[in-house]
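In what follows, a single structure is set out as structure tokens and then discussed.
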Amino acid sequence: MSAGAGPRLAEVDAALAGRTALPRDNGELVFEEPWQGRALGMGVVVLERTGASWGEFRRHLAAAIRQRPPEPGDSAASAYYAAWLDALEALLAERGLLP
Amino acid sequence: MTEHRHDHHPRPDSRLALRARALEALLAEKGLVAADAIDAVVELYERDVGPQNGAKVVARAWTDPGFRERLLEDGTKAIAELGFGGAEADNLVAVANTPTVHNVVVCTLCSCYPWPVLGLPPTWYKSPPYRARMVAEPRAVLREFGLELPDEVEIRVWDSSAEVRYLVVPMRPAGTDGLTEEVLSALVTRDCMIGTAVPQAGSP
């Protein structure tokens, strides 16, 4: 694998290991729909731009996963990336960047 | 088929898709994140682990008989020569099409896929109808993909698992003599390496 997303992804994986780990299936990242990839991309860019750490994001993500019981019919990846959007909004709100 | 713990049924999810789009628009409006910055990240995933890695492997196999031999003998070791690999390709088996054998890959249990060489699996690959029918009636399914195979061609269906991933090495199309490896790799689409299509000399 060439440079680029690989190291970034490895960094994200390491930071989110455990209950907040990226959805994978037999080691493969699961994106069922393009919005889930967009959500991941937004997270990567927002953290880069704001200087927030993955540890900080992980705290919001863990809280969002706890607070958001999966809706009936939601797949694991859908539920995860829905919580991911919650976490991103919470992080931006905490930093006063979003209302 | 036994129930698998992962649910991959494609389903409309416009509610969440709209929400993601709204957040992205808000980020852009606040000047926090430009859409093209997100595009760049998403494209990195696609480019770095997209089907073009597999296409390079196939093009190399077409132009270098020694590599082809090594690839068919030990896929994992051979793709490492090109710098490809990873946990999802720990046991990659390359299967070559011939004038009498056509190979096609499925994962009947879930969606095992040689991610490091083919990128993200297409939605249909994960769909229960494809998974079930490709085993039961491969010729009919391939016909629906637009691939009509002569009756005398044997179809071999390879069922992926967490342990073994398969890569189809299609036949080099006629009329491509003298083309460079780079040009050839552009003829090798993702579907060619799953086995639901064959490369066309004039494509893409």
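Can you tell me which of B:139-149, B:32-42, A:80-90 comes out highest on packing, and rank the rest after it, using the mean Cβ neighbours within 10 Å?
Details: B:139-149: 13.8, B:32-42: 17.5, A:80-90: 22.5.
Ranking, from highest mean packing down: A:80-90, B:32-42, B:139-149.
What do you get for trypsin sites (Lys or Arg not before Pro) in the stretch A:19-99 restricted to DSSP loop and a cutoff of at most 10 other Cβ within 10 Å of the site's Cβ?
Values: sites: A:Arg19, A:Arg24, A:Arg38, A:Arg49, A:Arg58, A:Arg59, A:Arg66, A:Arg95; in loops: A:Arg19, A:Arg95.
In loop regions of the stretch A:19-99 (DSSP not H, G, I, E or B), the sparsely surrounded trypsin sites (Lys or Arg not before Pro) are A:Arg19.
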Cβ density ranking, 10 Å radius, fewest first, applied to B:Cys192, B:Cys110 yields B:Cys110, B:Cys192
Expressed in angstrom and rounded, the centroid-to-centroid distance over alpha carbons for the stretch B:134-167 and the stretch B:49-77 is 20 Å
Between B:Ala96 and residues 5 or more places away or on another chain, the pairs with built amide H atoms under 5 Å apart involve B:Val169
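In percent, what relative contact order does the stretch A:49-99 have, based on Cα pairs under 8 Å that are 6 or more apart in sequence? Kindly include the intermediate steps, with their values, before the conclusion.
On the way: 27 pairs, mean separation 21.1, N = 51.
After rounding, I find 41 percent.
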Per GNM of chain B with C-alpha springs under 10 angstrom, the most fluctuating residue out of B:Pro170, B:Pro114, B:Pro138 is B:Pro138
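Hey, what number do you get for chain B at 222 nm if only DSSP H runs of n ≥ 4 count, each worth -39500 (n - 2.57), divided across all residues, to the nearest 500? List each step's numbers first, then the result.
On the way: 11 runs with 94 residues, N = 204.
Here the helix-only value at 222 nm equals -12500 deg cm²/dmol.
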In the protein assembly as shown the DSSP beta bridges are antiparallel at a rate, in percent to nearest 5, of 20 percent
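If I take every Cα pair under 8 Å that is 6 or more residues apart in the stretch A:5-94, average their sequence separation and divide by the length, what percent do I get for the relative contact order? Please report the intermediate quantities before stating the final value.
Details: 63 pairs, mean separation 30.2, N = 90.
Over the stretch A:5-94, the number comes to 34 percent.
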Highest GNM mean-square fluctuation among B:Gly54, B:Gly75, B:Gly175, for chain B with Cα springs under 10 Å, belongs to B:Gly175
For the stretch B:93-194 the mean separation of alpha carbon contacts under 8 Å (6+ apart) over residue count, i.e. relative contact order in percent, is 43 percent
For B:Lys77, the lysines lying under 21 Å Cα to Cα, once residues fewer than eight places off in the same chain are dropped, come out as B:Lys56
Over chain B, cysteine residues that find no other Cys C-beta under 4.7 Å are B:Cys110, B:Cys192
The ³J(HN,Hα) series, computed from each phi in the stretch B:134-150 with the Karplus coefficients 6.51, -1.76 and 1.60 at θ = phi - 60°, rounded to the nearest Hz and given as x for glycine or proline, is 4, 7, 6, 9, x, 4, 5, 5, 4, 4, 5, 7, x, 10, 9, 9, x
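Averaged across the residues of A:68-77, what count of C-beta atoms belonging to other chains lies within 10 Å of each residue's C-beta? The partial results should precede the final answer.
Working: counts 0, 0, 0, 2, 0, 4, 5, 7, 4, 4.
The shielding value for this peptide is 3.
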Rounded to the nearest 10 degrees, the helix B:14-29 long axis (Cα) sits at an angle to the longest Cα principal axis of chain B of 60 degrees
Of B:Thr180, B:Thr108, B:Thr189, the most mobile residue in a GNM of chain B (C-alpha springs, cutoff 10 Å) is B:Thr180
Listed by chain and number, the residues whose amide H is under 5 Å from that of B:Trp158, excluding neighbours fewer than 5 places away on the same chain and using placed H, are B:Val104, B:Val105, B:Val106
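Each value in this text was obtained by applying a stated rule to the coordinates, not by laboratory testing. Just so it is clear, the structure is predicted and the values come from calculations on it, not from any experiment. Glycine also receives a Cβ, built like all others from the backbone with ideal geometry; neighbour counts cover every protein chain displayed.
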